[in-house]
Every structure is written in C-alpha cells, then in structure tokens.
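K.L.:
Starting off with a structure, shown below.
The values are calculated or read from the model by the stated rules, or taken from the named source; none is laboratory data. What you see is a predicted model, and the numbers here were worked out from it, not measured in a lab. So basically every Cβ, Gly included, is an ideal-geometry build from the backbone, and we count neighbours across all protein chains shown. Quick note on the areas: whole protein, heavy atoms, side chains included, nothing else; ligands and nucleic acids left out. Shrake-Rupley method; radii C 1.70, N 1.55, O 1.52, S 1.80 Å.
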Amino acid sequence: MPYTPAADRYSKMIYRRCGNSGLKLPAISLGLWHNFGHDTPHRLKGEICRTAFDHGITHFDLANNYGPPPGSAEEAFGEILKTDFAGHRDELIISSKAGYLMWEGPYGEWGSRKYLIASCDQSLKRMGLDYVDIFYSHRFDPDTPLEETMLALDHIVRSGRALYIGLSSYNSQRTREAVAILKELGTPCLIHQPSYNILNRWVEKDGLKETLKELGVGSIAFTPLAQGILTKKYLNGLPEGSRATQGKSLNPATITPRALQSVRDLNAIAERRGQTLAQMALAWVLRDGGITTALIGASKPEQVIDCAGAIGNLDFTAEELAEIDRVSSEEDVNLWARSSAE
C-alpha cells in the first residue's frame, strides 16, 4: 500500500528559524550517518524515514561518504524519495556534504574546488535530485585556501546545485573567516554543523555558539546523544550489537566507568523531569534557543518517536542545569575531534 504521511505531522513538531534566513528547520532532524548502508535492510530504512516524517521531521541530513560503503546512504535515500516520499520533495530539507575521503587519488577528499563540485554532482546523481537544499563543507582544509573552498560553495549555489551553504566542524575563528568571505561573495552561510552534547562542549569553550549567534548563522548539532551514550542503552555497560561493539565510529575505550556513572546520574535527573535520558539530552542541546536543531540518528523507528518527544519539555531550571554540569564528565569521553581547524 502506498505511504500516506500522517495528516497531523506538522502539529507534532516545533520549527525554528535558521539564523537570519527565512528557512525554518524542525527542532529534531534525522541524520543518515549510520544505519543507511548495505548493512541495514532497506525496509527498515524506509520505516525510519516514514516515522520521522510522520512526526514532523522534515530535515534529512546526509554526506557523500555515509554508508557503508560510501555513497550507499544517498542511494538508499534516493530510493525512498522515489517511492515513499514521491510528491513530497517540496516539504523536505535535504542536505549533503563533502570533505572526507570519498574516492581514491588526490581529488577525493578535503576542500578543493575540484573535489567539492564533483562530489556534489555525484551526490545529486545518487539521490536522483536536481538540487539539495543545503550543501556543506564537511571539514576545514588546512592546505587549501579558504577562499577557494568558499568560492566552490558559492558556485554550487549559483549553478543551482544547492539552495543554501553550510559549514561543519569549523572552529570559531575559521567560521568567522569563512562567513566573511561568503558574505562578500553574496552567498551567506546558512548553518553550521558542530558536534555538541552534554559530554562534548567544545562549542562553548571555543565560543562557537556565541559566534554563530553574533553572525546570524543557524546551527545543527550532530551527536547530541553522544552516539547513543546519552540513552538508556549503556546504563548497565556495553550491550551486544550497540555502536560501541560494532567497530565503527564509537571506540568502546571512550566509555569509561566514570562516564557510565555520569550517564546513570543524568538518567536520574531525566526521570525526575518526566523524560527519557535521550529526550533530556536533546532538550539540553536545544535549551535557550542557542542551537537551531538537534541531529539524531536511529536504528529503529521507536528511537525516532522517543527523540521527537523531546520537544515536550525544553525548559530547565537553574538547579537542573547546575546538577547536569556537576554530574557530567566530559573529560572522560572524547567522541569526536573537537574541530577540524584546531
């Protein structure tokens, strides 16, 4: 039977204006970093995306190298666009990125004009799209002039390949430089995608959150659940089949006994708030409007439903925030490089 989206989907989600732009994004977005490669049944991928859309999640975030193998997540989402989401393209925000290794040779990664434009074309082909809504420079390239990278992004917009431009994992200094170049070119930076969660607060120490607010740039936090650590999954150790046991992006050595105790303490706070740990972690990222949207991943539809429920309580008392600061142990969990420009 053809998929029909839930009629009340837009009443289930909060939408926030992205920086100084006219674009609104859902408070919760869905990332296809994991669970959308050949190691996941396509039926399950479709269920996850349909569930997200039914709960008002309109933003689907990809990158050229998502899989495994690289490119397969975009191919899978392209199939979903042709089937389940046929006729709904204009209700969706679709993003992709380029910066990490995608193909062999000297032109398959980083930030050159050659790589970025070729990669964007490949992404469009894999998804069967004429354009993406947002195209990102996935990481700062220390060996390519920043002007060249930004000129490539400007060209991608002016040529109709993307509607907006974004940056990912640039620190505050490099973000200021990139935004200034884009402003001069006439293609403003829409959004920045940094890693950010209770256990990884580099954007606060670096000043990036305040920089984005000052510059009028929106933000989308990836790994807001610390790759699953900030869920009930790890309360009693490392369960079989979890990301930490799969040999992918989460090194089990980063989940120390002290970090697990922090998670248990955080879970107790969440229970007092009437939320799951995942919901509280997302609410914490979204608190005070400093972050436009939180980018979740999911291995099953039920996780999407749980995360979407975070918008039910985004407010914290001063006492709750102080307790979260006291029990969290960021120094024990190095989940992701703080930024690619440090």
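K.L.:
If you take the residues in the range 138-157 that are touching a Gly at 6+ places or on another chain (Cβ under 6 Å) and part of a loop (DSSP other than H, G, I, E, B), which one is surrounded by the most Cβ atoms within 10 Å (Cβ to Cβ)?
P.N.:
Start the filter on the range 138-157 by keeping residues that are touching a Gly at 6+ places or on another chain (Cβ under 6 Å), which leaves 138-139, 141, 144, 149.
With the extra rule that they be part of a loop (DSSP other than H, G, I, E, B), the set shrinks to 138-139, 141, 144.
On the way: His138: 26, Arg139: 21, Asp141: 20, Thr144: 17.
It comes out as His138.
K.L.:
Here is a list of conditions, (1) at pLDDT 95 or above; (2) open to solvent by less than 10 Å² (accessible area, probe 1.4 Å); (3) under 24 Å from Ala281 (Cα atoms), and Ala162 meets all of them except one; can you say which number that is?
P.N.:
Only one criterion is unmet by Ala162, namely (3).
K.L.:
Does Ile181 satisfy being over 18 Å from Ala221 (Cβ atoms) and either small (Gly, Ala, Ser) or open to solvent by 10 Å² or more (accessible area, probe 1.4 Å) (or both)? Spell out how you get there, then give the answer.
P.N.:
Values: over 18 Å from Ala221 (Cβ atoms): yes; either small (Gly, Ala, Ser) or open to solvent by 10 Å² or more (accessible area, probe 1.4 Å) (or both): yes.
Criteria met by Ile181.
K.L.:
Any chance the range 8-22 includes a residue that's under 29 Å from Cys189 (Cα atoms), of a type outside the set (Gly, Ala, Ser) and open to solvent by less than 10 Å² (accessible area, probe 1.4 Å)?
P.N.:
Within the range 8-22, one or more residues are under 29 Å from Cys189 (Cα atoms), of a type outside the set (Gly, Ala, Ser) and open to solvent by less than 10 Å² (accessible area, probe 1.4 Å).
K.L.:
Additional query: I'm checking my understanding of the structure. Among residues of the range 72-89 that are hydrophobic (A, V, I, L, M, F, W, C) and not in a helix (DSSP H, G or I), which one is surrounded by the fewest Cβ atoms within 10 Å (Cβ to Cβ)?
P.N.:
Ala86
K.L.:
While we're looking at this one, here's another question. Looking only at the range 262-283, count how many residues are without any contact (Cβ under 8 Å) to a residue 24 or more places away in the chain, of a type outside the set (Asp, Glu) and either within 30 Å of Leu190 (Cβ to Cβ) or open to solvent by 10 Å² or more (accessible area, probe 1.4 Å) (or both).
P.N.:
Residues in the range 262-283 being without any contact (Cβ under 8 Å) to a residue 24 or more places away in the chain, of a type outside the set (Asp, Glu) and either within 30 Å of Leu190 (Cβ to Cβ) or open to solvent by 10 Å² or more (accessible area, probe 1.4 Å) (or both): 2 in total.
K.L.:
Hey, another quick one. Name every residue in the range 166-204 that is more than 15 Å from the chain's Cα centre (by Cα) and either assigned to a strand (DSSP E or B) or of a type in the set (A, V, I, L, M) (or both), in order of residue number. Write out each step before concluding.
P.N.:
Taking the range 166-204 and keeping what is more than 15 Å from the chain's Cα centre (by Cα), we get 171-189, 198-199, 201-202, 204.
Of everything in the range 166-204, those that are more than 15 Å from the chain's Cα centre (by Cα) and either assigned to a strand (DSSP E or B) or of a type in the set (A, V, I, L, M) (or both) turn out to be Ala178, Val179, Ala180, Ile181, Leu182, Leu185, Cys189, Ile198, Leu199.
K.L.:
OK, next. For the range 284-326, what are the residues that are buried (at least 16 other Cβ atoms within 10 Å of the Cβ), hydrophobic (A, V, I, L, M, F, W, C) and either modelled with pLDDT under 95 or within 20 Å of Trp202 (Cβ to Cβ) (or both)?
P.N.:
Trp284, Val285, Leu286, Ile291, Ala294, Leu295, Ile296, Ile324, listed by residue number.
K.L.:
Got a number for residues in the range 90-115 being touching a Leu at 6+ places or on another chain (Cβ under 7 Å) and either open to solvent by 30 Å² or more (accessible area, probe 1.4 Å) or part of a helix (DSSP H, G or I) (or both)?
P.N.:
2
K.L.:
Tally time: how many residues in the range 218-230 are at negative phi and open to solvent by less than 10 Å² (accessible area, probe 1.4 Å)?
P.N.:
Filtering the range 218-230 for residues at negative phi gives 218-222, 224-225, 229-230.
Pick out the ones that are also open to solvent by less than 10 Å² (accessible area, probe 1.4 Å) and you get 218-221, 224, 229-230.
Going through the range 218-230 one residue at a time, the tally reaches 7.
K.L.:
Working carefully through the options Asn35, Asn65, find the one that is open to solvent by 20 Å² or more (accessible area, probe 1.4 Å), within 30 Å of Gly108 (Cβ to Cβ) and modelled with pLDDT under 95.
P.N.:
Values: Asn65 fails: modelled with pLDDT under 95.
Going through Asn35, Asn65 in turn, just one is open to solvent by 20 Å² or more (accessible area, probe 1.4 Å), within 30 Å of Gly108 (Cβ to Cβ) and modelled with pLDDT under 95: Asn35.
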